[in-house]
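Remarks on the structure that follows.
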Amino acid sequence: MTETALPRVRAEIDLAALRANVRTLRAHAPGAAFMAVVKADGYGHGMVPSARAALDAGATWVGTATPEEALALRAAGVGGRVMCWLWTPGGPWREAIEADVDVSVSGMWALREALAAARAAGRTARVQLKADTGLGRNGCMPADWPELIAAALRAEAEGLLSVTGLWSHFACADEPGHPSIAAQLGVFRDMVAYAEDQGIRPEVRHIANSPAALTLPEAHFDLVRPGIAMYGVSPSPEIGVPQDFGLRPVMTVAASLAHVKHAPAGHGVSYGHHYTTPGETTLGLVPAGYGDGIPRHASGAGPVLVDGKWRTAAGRIAMDQFVVDLGGDEPPVGSEAILFGPGDRGEPTADDWARVAGTIAYEIVTRIGARVPRVYLNE
Ligand SMILES: *Cc1c(COP(=O)(O)O)cnc(C)c1O
């Protein structure tokens, strides 16, 4: 019994699907290098296994938000080019430079810190300059670009840094036809042209996230940086479902029913009694809750496949558990309850959870918590 028992809850990560998704995305952007974005623990899929699988499938770059993530990749022995972009003052610039990480710089303060670290390390820093072409988040504004470019060229002449990339990020690439897309592309081309006229010779120019990699060939430049699509999740329902692009969801979250019991009509279920059994029925206890990253906003709505049928979270999703009304069925305790997966066994998808929780599928997969063991398939 114990040999075959399923864990309380688990996240199966199909690395064959991840590798196939990388190959599919590369075919969508045949002229461009591929940076696998693995920030936030690989969008919940596990940062190091996701990076390794992507490199196996032809990615040559790995991207993270924070320098700590980049350093963790190197500490795990992940090779290839690694880039990180979310810096704060006093960050581990020297460690990143010594670990051969490409560091992104959006302004003069960051350039100064990178240069000081390069001097201290006695190494040439690989620096990518980020332009704000209209996202309004990180990145150097066009008005400040000449100062940043001039300072970078002076540092290059001193041998302190090499500008390896010029790059930017889209605001609305997941909304096909949004006027900001063409506007950002225009600003990006101008900012790249200015830097190159001044003498910058970047290895890579890049702006394409998943939706741009999938739908905007004119945005591919030298490199594409997909995150969510690599995990087989569509950037937005507006663009399509994963199958439209030949992508397959990588993560399946499933639990083992912790209890199955009969209940009479009128029995209140879970905190607040937001659900009351409409008649005599059976209730199944799903041992996963918001402490595992299952969104409480999906209370009363989150779908689960049990014994071939879709059931719905009855009442509140609690920290560790929620209940489904099994409508009189009596699956044995320990039966598998699939919260979401690729969908081909009839189970819900991360998109289904996103819809009922009022969020995006990115958040559904990324928030699956540390308490949920990852089980790697097809390593
Ligand atoms: C997260 C991120 C990406 C990947 O975005 P997706 O929409 O998941 O493809 C690419 N570039 C940057 C700068 C990011 O922060």
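The values are calculated or read from the model by the stated rules, or taken from the named source; none is laboratory data. For clarity, every value in this text was computed on a predicted model and none was experimentally measured. We place every Cβ from the backbone using ideal geometry, glycine too, and count neighbours over all the protein chains shown.
With the requirement that a residue be on the phi > 0 side of the Ramachandran plot and without any contact (Cβ under 8 Å) to a residue 12 or more places away in the chain, what does segment 52-85 give you? Spell out the reasoning first.
First, the residues of segment 52-85 that are on the phi > 0 side of the Ramachandran plot: 58, 77, 80.
Within segment 52-85, Gly77 is the sole residue that qualifies.
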**Q.** Residue ID - farthest from the ligand (Cβ to nearest atom), chosen from residues in segment 3-48 that are modelled with pLDDT of 95 or more and among the β-branched types (Val, Ile, Thr)
**A.** Val9
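Assess whether Ile228 counts as being buried (at least 22 other Cβ atoms within 10 Å of the Cβ), near the ligand (Cβ under 9 Å from one of its atoms) and among the hydrophobic types (A, V, I, L, M, F, W, C).
On the way: buried (at least 22 other Cβ atoms within 10 Å of the Cβ): yes; near the ligand (Cβ under 9 Å from one of its atoms): yes; among the hydrophobic types (A, V, I, L, M, F, W, C): yes.
For Ile228, the condition - buried (at least 22 other Cβ atoms within 10 Å of the Cβ), near the ligand (Cβ under 9 Å from one of its atoms) and among the hydrophobic types (A, V, I, L, M, F, W, C) - is met.
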Q) Quick one: is Glu69 away from the ligand (no atom under 16 Å from the Cβ) and part of a helix (DSSP H, G or I)? A) no
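Would you list the strands (runs of 3 or more DSSP E) that sit entirely within segment 272-379 and hold 2 or more residues that are among the β-branched types (Val, Ile, Thr)?
Details: elements: 281-286, 303-306, 309-314, 322-325, 336-340, 374-377.
So the answer is 281-286, 303-306, 322-325.
Quick check: is even one residue across segment 75-96 part of a strand (DSSP E or B), away from the ligand (no atom under 16 Å from the Cβ) and within 18 Å of the chain's Cα centre (by Cα)?
No: zero hits.
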**Q.** Single condition Val233 does not satisfy, out of (1) within 25 Å of Ala125 (Cβ to Cβ); (2) within 13 Å of the ligand (Cβ to nearest atom)
**A.** (1)
(Q) Return the residues of segment 198-218 that are more than 19 Å from Val365 (Cα to Cα) and surrounded by fewer than 24 Cβ atoms within 10 Å (Cβ to Cβ); say none if nothing qualifies. (A) Gln198, Gly199, Ile200, Arg201, Pro202, Glu203, Val204, Arg205, Thr215, Leu216, Pro217, Glu218
Q. If you go through segment 248-294, how many residues are under 29 Å from the mean Cα position of the chain (by Cα) and on the phi < 0 side of the Ramachandran plot?
A. 18
Q: Could you grab me the full set of residues in segment 23-41 that are buried (at least 23 other Cβ atoms within 10 Å of the Cβ) and over 14 Å from Met83 (Cα atoms)?
A: Leu25
